[in-house]
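Undergrad: Sharing a structure, written as structure tokens. Questions coming.
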Amino acid sequence: MKKWSRMSLVALLSTLLYGCGTTTASRIKEKQAVFDAHPPAIQERIQKGQVEPGDVEDMVYIALGAPDNKYERKTALGTSEIWAYSGYYTTPDRQRVKGEFRYRDSKGQWRTATDDVWVNVDVRHIYDKKRVEFQNNRVVAVEDAE
């Protein structure tokens with residue numbers, strides 16, 4: 001029993017320390033020189049996770065972390081890179097499943113019956129909650145989903 005408790009504790013601590021992704025503080029430490037090069041007002045904005053046109057990629061990384069997806073947009077005006085940050089929500093769905101079920105009949109013999117069963121399933125929907133567009137390593141647009 002003690003072995004399982006210790007293993008569970010190690011797994012929990014590992015998840016908390018390493019599995020939760022990066023924090024703003026850890027990203028600041030990683031890019032300390034970039035962060036320190038800006039005035040206190042901009043540092044405060046970045047710590048709050050806010051990005052604005054004119055920010056460079058490293059500032060966006062510090063504020064928001066690594067993007068979930070990257071896109072490239074080519075237009076007549078040039079090429080831009082888009083960083084997308086995803087969110088998700090779930091909705092319930094009720095689905096009918098046809099299944100085979102084994103049972104013993106009154107004589108003790110195994111039988112197979114086919115029947116429909118209704119099950120509840122959570123459907124996960126992923127969407128872009130924020131998109132940041134860069135041209136020449138500078139933010140030119142920020143889109144937030146409502």
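Undergrad: Summing +1 for each Lys or Arg and -1 for each Asp or Glu, what net charge is found among the other residues whose Cβ lies under 13 Å from the Cβ of ASP116?
TA: With Lys, Arg at +1 and Asp, Glu at -1, the neighbours total +1.
Undergrad: Given a Förster distance of 35 Å, report the FRET efficiency between TYR88 and GLN109 from their Cβ-Cβ distance, rounded to the nearest 0.05.
TA: It comes out at approximately 0.15.
Undergrad: Here's a follow-up. Roughly speaking, what is the stretch gain from LYS70 to GLU44, that is 0.36 nm per residue apart minus the C-alpha to C-alpha distance, in nm to one decimal?
TA: So the extension gain works out to 6.8 nm.
Undergrad: Ok, one more. Give me the net charge for the shell around THR79: Cβ to Cβ below 14 angstrom, other residues only, Lys and Arg +1, Asp and Glu -1.
TA: It works out to a net charge of +1.
Undergrad: Across 10 Å bins from 0, what is the distribution of all Cα-Cα pair distances for the range 67-146, in whole percents?
TA: All Cα pairs considered, the percentages come to 15, 25, 16, 13, 12, 10, 6, 2.
Undergrad: Scanning the chain for helices, which whole DSSP H stretches are 15 Å or more long along the axis (Cα) and average 0.0 or more by Kyte-Doolittle?
TA: The answer, listed by residue number, is 2-14.
Undergrad: Can you tell me which of 134-143, 100-109, 74-83 comes out highest on packing, and rank the rest after it, using the mean Cβ neighbours within 10 Å?
TA: My ranking of the peptides, most packed first, is 134-143, 74-83, 100-109.
Undergrad: Tally Lys and Arg at +1 and Asp and Glu at -1 over the other residues with C-beta under 13 Å from the C-beta of TYR127: what net charge comes out?
TA: That sum, taken over residues with Cβ under 13 Å, equals -1.
Undergrad: While we're on this one: What do the square roots of 5 times the Cα gyration tensor eigenvalues come to for the chain, in whole Å, largest first, as semi-axes of the equivalent ellipsoid?
TA: They are 49, 25, 12 Å, listed largest first.
Bear in mind these aren't lab numbers, they're just calculated from the coordinates by the rules spelled out. Quantities reported herein were computed from a predicted structural model and do not represent experimental measurements. Quick reminder, even Gly has a Cβ in these numbers, built from the backbone with ideal geometry, and neighbours come from all protein chains shown.
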